[in-house]
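A.B. asks: I am attaching a structure below and will ask some questions about it afterwards.
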Amino acid sequence: MKATEPIRNKKQIKEFLNYLCKSGQYRNYVLATLCLHTALRISDILRLSCNDVYDFKNQSLKKSITIIEKKTGKTKTIPLHKNILKALKYYYQEAKPNTPLVLNKRTGKAISRIQAYRLLCTAAEFLGFKQRVSCHSLRKTFGYHAWKDGTSPAVIMEIYNHSSLAITRRYLGVTQDDMNIVYINLNLSG
């Protein structure tokens, strides 16, 4: 199986999210936005409930989520990016207390990992993306763009809860073009 790659083109990311939102696929829009802006594994996103993001008593969105990662057992608090809050506002009418956030209405449970993959992949195919888009590629997209925007790989490693920088380096999807830019643009002699 071929390894997934991050989406390197921000225009494609915007096109992808706009398609999900404008076509009324609000649950899928929330799913994609969470994948992109939290760097959580799909197993953790699918464990989120509506109560994790909505304060139903006060009829408001929460500002952060706190989870215990399934794979690492570590507790993580993540502030909710404005794009996540925007996606959740669209989805609020469908949200019900004590239900999975990414709900399969037929079963009343969270969608499966396979279903999440298919939903994202189908949207990318519809838009004519050449690359395969999956939950994991969106997780990698977070790290790639954080790195491109100047975030230290060590910080990204902590966000991902990776055990080594080598794993994070693979996630970042550094290409020869990325290295060439450094060689050409770094000016050390004034």
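A.B. asks: Check which residues have an amide H placed less than 5 Å from S49's amide H, if you skip close sequence neighbours.
C.D. replies: Hits under the 5 Å cutoff: L101.
A.B. asks: Which residues' amide hydrogens lie under 5 Å from the amide hydrogen of A110, considering only partners 5 or more residues apart or on another chain, with H built in the peptide plane?
C.D. replies: N104
A.B. asks: Which ³J(HN,Hα) values in Hz, rounded to whole numbers, follow from the phi angles of the range 19-29 under the Karplus curve 6.51 cos²θ - 1.76 cosθ + 1.60, where θ = phi - 60° and Gly and Pro get x?
C.D. replies: For the range 19-29, the Karplus-derived couplings read 4, 4, 6, 5, 8, x, 8, 5, 4, 5, 5 Hz, x marking Gly and Pro.
A.B. asks: Rounding to the nearest 20 debye, state how big the charge dipole of the chain is about its Cα centre with +1 on each Lys and Arg Cβ and -1 on each Asp and Glu Cβ.
C.D. replies: In total the dipole reaches around 560 debye.
A.B. asks: Also, I was wondering about something else. Within the range 40-86, how many Lys pairs that are eight or more residues apart, or on different chains, come under 15 Å at the alpha-carbon?
C.D. replies: So the count works out to 5.
A.B. asks: Related question: Order 27-37, 131-141, 154-164 from most to least packed using the mean count of other Cβ atoms within 10 Å.
C.D. replies: 27-37, 131-141, 154-164
A.B. asks: Further question on the same structure: Tell me, what HN-Hα J-couplings in whole Hz come from the Karplus equation 6.51 cos²θ - 1.76 cosθ + 1.60 at θ = phi - 60° for each residue of the range 40-56, using x for Gly and Pro?
C.D. replies: Listing the rounded values in order: 7, 5, 4, 4, 7, 5, 6, 8, 5, 10, 4, 5, 6, 10, 10, 9, 5 Hz.
A.B. asks: Gap in Å between the Cα centre of the range 132-156 and the Cα centre of the range 58-111?
C.D. replies: Each part reduced to its Cα centre gives a spacing of 21 Å.
A.B. asks: Here's another thing I want to ask about it. Using the Cβ atoms and a cut-off under 14 Å, what net charge is assigned to the surroundings of D177, where Lys and Arg are +1 and Asp and Glu are -1?
C.D. replies: 0
A.B. asks: Could you give the angle, 0 to 90 degrees to the nearest 10, between helix 176-185's Cα long axis and the longest principal axis of the Cα atoms of the chain?
C.D. replies: The angle comes out near 60 degrees.
A.B. asks: Another question, then. Count neighbours as other Cβ atoms within 10 Å of each site's Cβ, and list the trypsin sites (Lys or Arg not before Pro) in the range 71-131 that are DSSP loop with at most 11 such neighbours.
C.D. replies: Taking the range 71-131 and a limit of 11 other Cβ atoms within 10 Å, the loop trypsin sites (Lys or Arg not before Pro) found are K71, K74, K105, R106, K130.
A.B. asks: Nearest 10 degrees, 0 to 90: what angle lies between the long axis of helix 135-148 and the longest principal axis of the chain (Cα atoms)?
C.D. replies: Here the helix axis deviates by roughly 50 degrees.
A.B. asks: For the range 41-179, I need the span (max minus min coordinate) of the C-alpha atoms along each principal axis, in Å, sorted largest to smallest.
C.D. replies: Answer, in whole Å and largest first: 50, 35, 26 Å.
A.B. asks: For I65, enumerate residues with amide H under 5 Å from its amide H, sequence gap 5+ or separate chain, H modeled in the peptide plane.
C.D. replies: So I65 has HN proximity to I78, L80.
A.B. asks: Put +1 on the Cβ of each Lys and Arg and -1 on the Cβ of each Asp and Glu in the range 70-190; which of L119, S152, L101 then has its Cα farthest toward the positive end of the dipole?
C.D. replies: L101
A.B. asks: What residue among A116, A146, A166 has the largest mean-square fluctuation in a Gaussian network model of the chain, using Cα springs under 10 Å?
C.D. replies: Residue with maximal mean-square fluctuation among A116, A146, A166: A166.
A.B. asks: Give me a comma-separated list of calculated 3J(HN,Hα) values for the range 76-87, in order, Karplus coefficients 6.51, -1.76, 1.60 applied at θ = phi - 60°, integers in Hz, x for any Gly or Pro.
C.D. replies: 9, 10, 10, x, 8, 4, 4, 6, 5, 4, 4, 4
Bear in mind these aren't lab numbers, they're just calculated from the coordinates by the rules spelled out. For clarity, every value in this text was computed on a predicted model and none was experimentally measured. Positions of Cβ are backbone-derived with ideal geometry, glycine not excepted, and every protein chain shown enters the neighbour counts.
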